[in-house]
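The values are calculated or read from the model by the stated rules, or taken from the named source; none is laboratory data. What you are looking at is a predicted structure, and each value in this text was computed from that prediction instead of being measured. A quick note on method: Cβ atoms are made from the backbone with ideal geometry, for glycine too, and the neighbour counts reach across all protein chains shown. What goes into the accessible areas is simple: the full protein's heavy atoms, side chains included, and nothing from ligands, DNA or RNA. Shrake-Rupley method; radii C 1.70, N 1.55, O 1.52, S 1.80 Å.
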Amino acid sequence: MDYAATLLAKLPGAPKRDHGMRRLIETLETYLPQDQVESIIRAYEFGAKAHEGQTRKTGEPYISHPVAVAQELADMRLDPQAITAAILHDTVEDTTASLDDIEEDFGSEVAGLVDGVSKLDQIQFRSRAEAQAESFRKMMLAMIEDIRVILVKLADRLHNMQTLEAMPPDKRARIARETIDIYAPIANRLGINRFKVELEDLGFKNLHPFRYRVLDKALRRSKGSQRQIVKRISEEFGAALGEEGVKADIVGREKHLFSIYKKMSEKKRLLSDVVDVYGFRIVVDDVNDCYKVLGIVHGLYKPMPGRFKDYIAIPRINGYQSLHTTLFGPKGLPLEVQI
Ligand code: MN
């Protein structure tokens, strides 16, 4: 695209220091028409000018942060207004640009989103007890009239967590705690698993760096053999479903570090007890097939009593629906299956 190419060529030290714009434009071009991509590039120019001279704690030019936030949302194929708001999300608070300027250049919808994000930033969490976290999450969700505001905020927090190591240790711990107590549960509540997992793992890493390293190392060691077993059982499931004529995608599920840590500390389990659990996700086309698959896997391996949960009949609070069961696998290894 000409406009993008001209713009990127103008950047200092191009193409190396494009603040992430090259990648963002490439992503946007996969799902947005050219005029909308161009409008987002204009937002980048606006933001870069507003943040000129500001740097992140990492030493990078400030504008690289809002571009990274926009990239997260572009990966989720959010609409151009949300992407534009992501690029401009810190301008009202941290620069001389005003909401009126944004409204004039990018319209009232974008201005409304930027305003929503700025207002969220004004809630101060400080160190909150777990019990209070719940009421803060509720307050945050209640404040939001537009879901895109919280998506920008979550992506903002994610990038701040990815670059948290540049912060002093006491600040890191506070922000990490807040991320685990408030932001990760909101991501979970909205059903955005990728955000939840990454926010939790980054929170854990910054809150308990030593425990994180030990656990990470131990897990890496066991991963090779784990993958083998998961692969073998996936193939076994696949064959059995094929015989019954059920079309399904089967994926082995890897547990993330924080969920393992939580199980170990809350239920006082040993690492080996938590790690030697294999997770599978079986995705089928319709509800009937879910129950059919359940019957088939229960025929392959004995189910563990009391572990079957029908979240199709009774969905979780965030709307999640599936069947969960745990099987006694080969050598009695527990297999957790989500259908
Ligand atoms: Mn920000």
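May I ask you to order 327-339, 298-310 by the average number of other C-beta atoms within 10 Å around their residues, highest value first?
327-339, 298-310
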* Please work out whether the chain counts as rounded, prolate or oblate from its C-alpha gyration tensor, where a ≥ b ≥ c are the square roots of the eigenvalues and a/c under 1.5 means rounded, while otherwise a/b larger than b/c means prolate and anything else oblate? => prolate
* Just the accessible area per residue of region 161-274, please: how many Å² with a 1.4 Å probe? -> 57
* When the accessible area of the chain is split by element with a 1.4 Å probe, what percent falls to carbon and sulfur? -> 50
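Quick one: grab the alpha carbon gyration tensor of region 140-264, order the square roots of its eigenvalues as a ≥ b ≥ c, and give me rounded if a/c is under 1.5, else prolate or oblate depending on whether a/b is larger than b/c. Don't skip to the end; give the middle numbers.
On the way: a/c = 3.43, a/b = 1.48, b/c = 2.32.
Because a/c hits 1.5 or more and a/b fails to exceed b/c, region 140-264 counts as oblate.
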* Asked: If you average the sequence gap of Cα pairs under 8 Å that are 6 or more apart and divide by the length of the chain, what percent do you get for the contact order?
  -> 10
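Take the cross-link list Lys153/Lys217; Lys196/Lys217; Lys205/Lys255; Lys49/Lys171 and give me the ones stretching past 20 Å between alpha-carbons.
On the way: Lys153/Lys217 32 Å; Lys196/Lys217 22 Å; Lys205/Lys255 15 Å; Lys49/Lys171 29 Å.
The pairs that break the limit, which is 20 Å between Cα atoms, are Lys153/Lys217; Lys196/Lys217; Lys49/Lys171.
Is the shape of region 27-165 rounded, prolate or oblate, going by the alpha carbon gyration tensor and its root eigenvalues a ≥ b ≥ c, with a/c under 1.5 for rounded and a/b larger than b/c for prolate?
Numbers: a/c = 1.60, a/b = 1.41, b/c = 1.14.
Because a/c hits 1.5 or more and a/b exceeds b/c, region 27-165 counts as prolate.
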* List the relative contact order of region 130-240 as a percent without decimals, with contacts defined as Cα pairs under 8 Å and 6+ residues apart. => 24
